[in-house]
Each structure stands twice: as structure tokens, then as C-alpha cells.
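Structure, as C-alpha cells:
A short reminder: the numbers here are calculations on the coordinates, not readings from a lab. These numbers come from a predicted model, not from an experiment. Using ideal geometry, Cβ is built from the backbone for each residue, glycine included, and neighbour counts are taken over all protein chains shown.
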Amino acid sequence: MSSTRPVLRAFVCGLAIVTIVANMLPPMEFVVAVRAGKALLTPGVIGLVLLLVVAPLSAAGLALVLVWRSWARDDARVLAVFLGLLSYGLGGEGTWMMLSRSGLPDWAVSMLDTGMPLASVAGMAVMIRFSSIFPHPLSLGDVRPGASRLSHIVAGAQAWAMDPAQLRRAAAWFCGVAILIPQAISIGTGLRGNEIDLVVYSKYLALAALLAAVTLSAANLRTNYRRADAAGRRQIFWVLEGFLFATAVAVLASALKLLQNATGYQAAQVHWYAFALLAGFLGLLACLAIALFGSGALDPSLALRRTAVSGVLGLLAVVLFAVSEQVMQEWLGARLGLSARTGGIVTGVALGLAFEPLRTRTSAFVERQLAHFGAEAEAPARPLPAGAVPA
């Protein structure tokens, strides 16, 4: 284990562990509510609960892997910090439940809850930093704007963000002006009985900063992709795909949200915008996992072998089978009036018949993908045609 920046390393580990512990609470509460008849068990509700839990846990897990295995590498260290901050920001529901049950006063819970938007803003700055140094640091000569005004604006932002000191100062000023001051005003006026809620404006500013950050990160990775050779492009591909997916989802969801606010249309799912952003980041995390464990983009030692993947898949299948069997047994008992023994037999047989072909096909698909990544990693890099990569 490397001793490089031990305080930062401990901070990222702490964030990831807190996120994992806090996000065990929502699924446990959901299961209790279903058993008590206080919550409906529908595919949509199950999907929302899984989305709320899987995204922060995935980010925390990836952060811990990078902390323990690849902390000495600069790009892996920056990515680990980003994933740790992202996991804490995405785990809002679980963190809020943990804070609300801590017995602290309301003002203290509000102050601690402010850590989530602060972590999100810091994560945006670290995300931009990672995109400008992976797999190689960008320089001013690499940024070549096109003829459009938007291209010049993005190129100017890329050049400005290459200085980490400027990026840190901008993040600190944004945290103070857009988050801490409005939060302090809201808490202070609330204690006096005449609350002025400015937090909603902080959310809008944070969302605008998020759109700008993911767009700038995707632009940096695209610039690095265009100037890379064949081996470098294979290294960047899945990381770039993840950022492009998150950017596209965020921009599209934001456009629909603006249209909804302009027309006054009320969607059936009130929190659809937050879930859309969460799904976009989940896609980013999936692509980062493929880059880390499929092709070893940041660290070749992280590329998984088939035996390890098969073991993980087997463990996940056992956990998924047990959870599904319990949930289906409760559902059948409530709907059909079956006893616990009969419901367990019926659900066990039905899920056993459904899981075996699903497990076989999933394992075959993963093995084909690993074979594909292995062939790419062992293939020699071929030079690109003249003019394909900017000088």
C-alpha cells in the first residue's frame, strides 16, 4: 500500500464506508414497510429502490478498489476521489435517514446535510480534473476550437480548467456563494421563526454547474481521444462513452424539465428528474467499471480474470435469488393467501427455473466480453492513417 497522501486516502475511504453503511437503510426500511402493508410492491417501486441503492454503492465500491489497489497512480487517485465524493452525493436518501435518526437538533442535521451538495460540487471539480489528465495531461496546444461560437466557448473553458489552482478556487467560491451562504441564511431565519428558504436557488445553481461540468469533462476526454493513437483510444473508449452517456441524459432531462416548468405539466412521477440524473450517473459508473475491470484502462492489474468474474456472478446470483424469493413469497402470500411453506415452495421452484437460463446466458455474455477485451489488449497498436489524429 502506497503512503501517497494518506489523509486524502483516509478521507475517501471514510466517505465510501459511510455511504455503504447509510445506504443499507433504505432497502431495509422498504422490506419492513412491505411486510407491514404500508408500501406497494410494484415493478416501478422496486426499480426506484434499486436505483437509489445501486448507484451510490457502485460508486463507493469502485472508489475503495482504486484506493487499495491503484492509489499510487495520479489518474487513478483523482478518479478515486471523484467516485468517493460522487458516492456520498448520490447516497442522499440513506445519508439523510442516518442523520435524521441520530438524535441531533434540526439545525445540526441541516448543517451536516449540507455536506452532500458540498461533496457534489467538489466532485464536479475533481471530475473535470480527471478528464484533463486521463490518460495523459492535456496542454493548450491540444485544444483546437472549431468555427462555431459554442466551440470557442468550450475550448476556452477547457483551457481555463487545465490549471488545478483555478479549478479549486472556483469550486471554493461556488460552495461559499451558492451553498453555504444561502444555507446559513435559511437556518438563521428559521431559528427566528421567519424562515427565508434560499436552498431551492442553490439547487438550480448546482444543477447548472453539474451540466457544465459533465459537458466540459466529456469535451476533455474527446480531445484526448482524438489526439491519441490506436492503443490510447482503446484505453479511453469506455471512459469517454460513460461521460457522453451521462452528459446526454443530463442535457435531455434538463431540457424536458424546463419544458415541464414552462407548460405547467405535472408528471406522474414527481421526482423523475432526479431519477433521470441518477440513471445517467449509473450508466457512467457501469462504463467506468467496464474500463477498470474489463480492459484495465487505468491499471492493468485490475483487469479481472474469468474465474474471478464467474465467482462474483455466482455470489450475486445467490444474493439476488434469495432476495427475489423472499419478496415474491411475501407478495404471493398477500395476493393469493398462500401459507409461508406453500409460498416458499412455489416461488423457489419458479425462480429456480427462471434463474438457471438467465445465469447461463449472463456468464456466456461476460466471458465473450472478457475474451474481446483480452484480444484488444494483446493486439499491437496500429498506426492511424495520415491526418486522422491532429498534430
Assuming R0 = 22 Å, can you tell me the calculated FRET efficiency for the pair ALA165 and LEU140, based on Cβ-Cβ distance, to the nearest 0.05?
0.90
With 0.36 nm assigned to each residue of separation and the Cα-Cα distance removed, ALA350 to ALA208 gains 46.4 nm
At 7 Å along the Cα-to-beta-carbon direction for both VAL7 and ALA231, put a label point, then send me their distance in nm to one decimal.
3.8
What are the semi-axes of the equivalent ellipsoid for the range 236-282, taken as the square roots of 5 times the Cα gyration tensor eigenvalues, largest first, in whole Å?
25, 11, 4
